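Read through the structure below, which is laid out as structure tokens, and then see the notes.
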Amino acid sequence: MENYETEHRERIRSVAPECCVLLKTNGKFPLKCAGKIALYGNGARRTLKGGRGSADVNVRTYTTAEQGLKNAGFTVTTESWMDGYERAFQSAGKDFRALLKEKIACEGMDRLMENLSIVMPEPEYDLLPEGEGDTAVYVLSRLCGEGVDRQAVKGDLYLSETEIRDILQLEKKYENFLLVLNTGCIVDLAPIADQVGNILLLSQLGMSVGDVLADLILGKAYPSGKLAATWAAAKDYCNVGEFGRRDDTRYREGIYVGYRYFDSVGKEPLFCFGHGLGYTDFLISAGRVVLKGTDVSVSVKVKNTGAYRGKEVVQLYVSLPEKELDQPFQTLAAFAKTKELLPGEEEILTLSFPVESLASTDSMRHQRVLEAGEYILRLGNSSRNTKICGVVVLDQRAVTEEIHPVGGETDFPDWKPDEAQRQKLEKFLISEDLSPETGTKTGETFEKLPILKLFANQIKKQMHHPPKTDPDALSFVQNLSDEELVYLCTGDFVGEGSKNVIGDAALTVAGAAGETTGRFQKDGVDPLIMADGPSGLRLSRLYGVDEQGIYAVEEQNDPLMEIEDKTELIPDDIKKILYSMMPQLTPEERRGTIHEQNCTAIPIAAALAQSWSTEAAETCAEVVAEEMKRFGIQIWLAPAMNIQRHPLCGRTFEYYSEDPLISGKMAAAVTKAIQKHNGCCVTIKHFICNNQEANRFRTNSMVNERALRDIYARGYEIAVKEAQPYALMSSYNLLNGVHTSERYDLLEVLLREEWGYRGMVMSDFLPGDKTASDVSNKYRKFASAPSIKAGNDLMMPGGRAHYENILKALQKEDPDWVLSRQEVERCAARNIELAWKLKGR
Ligand code: BGC
């Protein structure tokens, strides 16, 4: 292992415990020392470092739970149980593949790609828990990934019968029992949650996942994460809106996503948003609440009152007044995390936010507004453990921004909680007396409740400053031929296509996702190489170089591949098509020297968000930036910022949170950490409302403008305004009937004109451009020419078809789409500007 690998692994190991959430504790952990340990569960040996798909990072090795515990000096007493589990898993895998083959034969090719990434639900099996000692750990894993949503079945969203039986039995049998959740998505823990004393959401932490588990069990490290999504019984999630429809999915729940729903209807989740324990306790006391201009700030004293070191996250929520617009019970407005506090130590934190950040969209009047009334500030360490610490009173309705209508229309009004639900809520959550005379109890201290007066004329109005295209870049592209111009707007390719395999289409760096037009090589326009994320840098670990160029060398070192590699299911005719897109010789036939590119897998985005620490996110991003430099990558295809709308979404682990503030703050921190390195940038993706994988190229998300702006776009808005990412990726799905890449109102109006975005927009990978299957579907796939027209500057990964379709539209030879020279120049200029920015001129 090279020095940088060891060093990066250690950095990740030291920061990862911040991402782990202790959901329950009875004080039995951490242990005093390593000894005998009984290890069970599907994740004992098959521990997951991350999810599947383009976010998967090819690594040299990573530590599993078993290895981590052994490295830490434990004697694992359950080898034969783990061997037995392996046999059960393998035999279930065989049956599963046979079933899948049958299903594909029946349902035809259309479903093939979806079924290829389907995950086998956990099988049922009978094995005796025979491990010795007083201590047992059960590692429960769930794999999910790109291309297919999870299933509401036992062994996926639900616990299997075997898992329930074993977990409950182990809880009784062992003195010290810890249930470890090695998942990037929610599992319905209702059957066991109140019966198990210790539950740790370890999550999927990349390279050192097993070592981190051992560190936590031994107290060499402590968990300090908080949930960034609500963990509830599956039946309790909001079912007002639709999910996973093939054609149209109506987001009827509007703004009531995640805790905004649970809190507003008074439903008790198993573990609420923001919840997380540690090995110690903290006392949180609100200090001064100040209004400076329109900035609210609350100073908070956090004291470690326990016997162990730890860090605490303080959260500030606001309940907004409801006049014309309905509001969720509360909205996260600010958060901060302490440094490490020793027992008895205290720290003063300041949480602040501009009042304007609470504005809601009034889509009737095309405004963002703050309504008159009381803004109740709630401070605490989870969404369900807060105390009121102050009230801001706004005298009149104030407009914070005049906005354009964007996103189109739906055929439904948004849902809102009814009166009965709201009344339940009043009893349920608002227990404090709001009168300033009685004050409010915050931790141990009583303070007079501050009431702060704010006047509508103080509110700052957001003005729009649309960016101008760089005049040098514009005059550069104005001198190009049509062909050259169009070439700049497609990813690089050879022959008919780039290698044209999603996630592995680059020509310069093996296994990178794609690249821009290097063969253009005019006046110093070099190619920009893109690699996937967000769990690190996705490259081929091994690659060869011969006279034809670079080629990836596949490795079969992933234990899951034995079951999950389903290439045998691809019919021969499809295989032929796939091979015809690739270079003439297959990797097996090629020679040349073999090289290594070892990248570090960092915690998945969902875990990073659980740290509630922008510093932790920056530390991980820094590792990625260093590897981008090392391997010659300029554009990282991350962070992914879609909202975790539904527990069944297959890519949940790639996304940060159900809350847009956390998503936006995390993405802004990551963007700054990457882009401070010359020649490196991020790509925030997938813009927008890409919240399911079902039929992902042709699914239409139907969302009203308020939810669009206040929930789904809000995180992107924060990231753009705070950190100016250089690149953004549009999404596969349609939004209200039009593909996002083809929506001028999204790309040119919302993103550029309103938010002032100065970067370029690329498509997600593989435009359809009139594919044959378009006719048999309600919606076609997104296409190159209309995307360019809408301000989607670059079609990725690029291929002859995309190049020709844009050229035809430009030369008025396409009956359906027409592009003007200015429209293509505008996109090409933005791509040139990026190349100059990243490669210097
Ligand atoms: C995914 C993107 C990814 C791209 C390139 C697409 O299928 O949706 O997230 O960046 O492939 O691998």
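The values are calculated or read from the model by the stated rules, or taken from the named source; none is laboratory data. The model shown is predicted, which means the values in this text are computed figures rather than measured ones. Every residue, glycine among them, receives a Cβ derived from its backbone with ideal geometry; neighbour counts consider all protein chains shown. The accessibility values were calculated without ligands, DNA or RNA, using every heavy atom of the protein model including side chains. Shrake-Rupley method; radii C 1.70, N 1.55, O 1.52, S 1.80 Å.
I'd like the distance separating the alpha-carbon centroids of region 17-88 and region 200-227, in whole Å. Cα centres, region 17-88 to region 200-227: 10 Å.
The gain in end-to-end length when the ILE348 to LYS220 segment is fully stretched comes to 43.5 nm, 0.36 nm per residue minus the alpha carbon separation. Packing, as the average of other Cβ atoms within 10 Å across residues, places the peptides 189-199, 641-651, 675-685 in the order 641-651, 675-685, 189-199, highest first. Between THR508 and GLU175, the modelled label-to-label distance comes to 6.1 nm, taking each label 7 Å out from Cα in the direction of the beta carbon.
Computed with a 1.4 Å probe over protein heavy atoms only, the accessible area of LYS721 comes to about 80 Å².
Evaluate the relative contact order of region 252-411 (contact order divided by residue number), counting alpha-carbon pairs under 8 angstrom at least 6 apart; express in whole percent.
22
Treating r as the C-beta distance of CYS106 and ASN385 and R0 as 41 Å, the FRET efficiency rounds to 0.20.
In summary, the lysines within cross-link reach of LYS808, defined as a Cα separation below 22 angstrom excluding same-chain residues under 8 places away, comprise LYS770, LYS781, LYS789. Indicate the gyration tensor shape class of region 685-841 (rounded, prolate or oblate), computed on the Cα atoms with a ≥ b ≥ c the square roots of the eigenvalues: a/c under 1.5 is rounded; otherwise a/b larger than b/c is prolate and the rest oblate. Oblate, since a/c reaches 1.5 and b/c is not below a/b. Computed from the C-beta positions of GLU340 and LEU291 and an R0 of 45 Å, the FRET efficiency is 0.90 to the nearest 0.05. What shape does region 134-183 take by its C-alpha gyration tensor, where a ≥ b ≥ c are the square roots of the eigenvalues and a/c under 1.5 counts as rounded, a/b above b/c as prolate, and the rest as oblate? Oblate shape, in that a/c is at least 1.5 and b/c is the bigger or equal ratio.
Which percent, nearest 5, of DSSP beta bridges in the chain are antiparallel? DSSP beta bridges in the chain are roughly 65 percent antiparallel.
Given a 1.4 Å probe and the protein chains as shown, TRP231 ends up with an accessible area of around 10 Å². Shape of region 8-75 from the C-alpha gyration tensor: prolate (a/c of 1.5 or more and a/b above b/c, with a ≥ b ≥ c the square roots of its eigenvalues). For the pair ILE594/ALA190, report the inter-label distance in nm, with labels modelled 7 Å from Cα in the Cβ direction. Label-label distance for ILE594 and ALA190, simple model: 5.1 nm. Relative contact order of the chain, taken over Cα pairs closer than 8 Å and 6 or more residues apart, is 15 percent. Between ASP281 and GLU374, the distance separating the two model label sites (each 7 Å from Cα on the Cα→Cβ line) works out to 3.0 nm. Checking the Cα-Cα distances for LYS665/LYS837; LYS267/LYS416; LYS226/LYS311; LYS173/LYS235 against a 21 Å cut-off, the pairs over it are LYS665/LYS837; LYS173/LYS235. Taking each residue as 0.36 nm, the span from ASP83 to GLN151 lengthens on full extension beyond its C-alpha to C-alpha distance by 21.8 nm. Once the 1.4 Å probe is applied to the protein heavy atoms, region 1-84 comes out at 37 Å² accessible per residue.
If you average the C-alpha positions of region 705-744 and of region 306-334 separately, how far apart do those two centres end up, in angstrom? Spelled out, the Cα-based centre of one part sits 25 Å from the other. The length gained by stretching the chain between LEU168 and ALA456 to full extension, at 0.36 nm per residue less their Cα-Cα distance, is 98.0 nm.
Peptide packing: for 741-749, 397-405, 663-671, the average count of neighbouring Cβ atoms within 10 Å per residue gives the ranking 663-671, 741-749, 397-405, highest mean first. Separation of region 337-407 from region 596-658 is 27 Å, based on Cα centroids.
Within the set LYS339/LYS387; LYS387/LYS672; LYS103/LYS154; LYS685/LYS812; LYS303/LYS672, which residue pairs have Cα atoms separated by over 25 Å?
From LYS339/LYS387; LYS387/LYS672; LYS103/LYS154; LYS685/LYS812; LYS303/LYS672, over 25 Å: LYS387/LYS672; LYS685/LYS812; LYS303/LYS672.
Shown for the chain: the carbon plus sulfur share of the solvent-accessible area, taken with all protein chains present and a 1.4 angstrom probe, equals 51%. Packing order of peptides 13-19, 384-390, 788-794, highest average first: 788-794, 13-19, 384-390 (average count of other Cβ atoms within 10 Å over each peptide's residues). For SER773 and LYS94, a Förster radius of 35 Å and the Cβ-Cβ distance give a FRET efficiency of 0.65, rounded to the nearest 0.05. Working value for the chain: equivalent-ellipsoid semi-axes of 40, 36, 25 Å, each the square root of 5 times a Cα gyration tensor eigenvalue, largest first.
In summary, the aspartates and glutamates within cross-link reach of LYS70, defined as a Cα separation below 16 angstrom excluding same-chain residues under 8 places away, comprise GLU79, GLU132, ASP211, ASP215. Within straight-line reach of LYS323, meaning a Cα separation under 14 Å, sit the following aspartates and glutamates at least 8 residues removed in sequence or on another chain: ASP362, GLU371, GLU374, ASP395. The figure for ARG630 is an accessible area of roughly 120 square angstrom, using a 1.4 Å probe on the protein chains alone.
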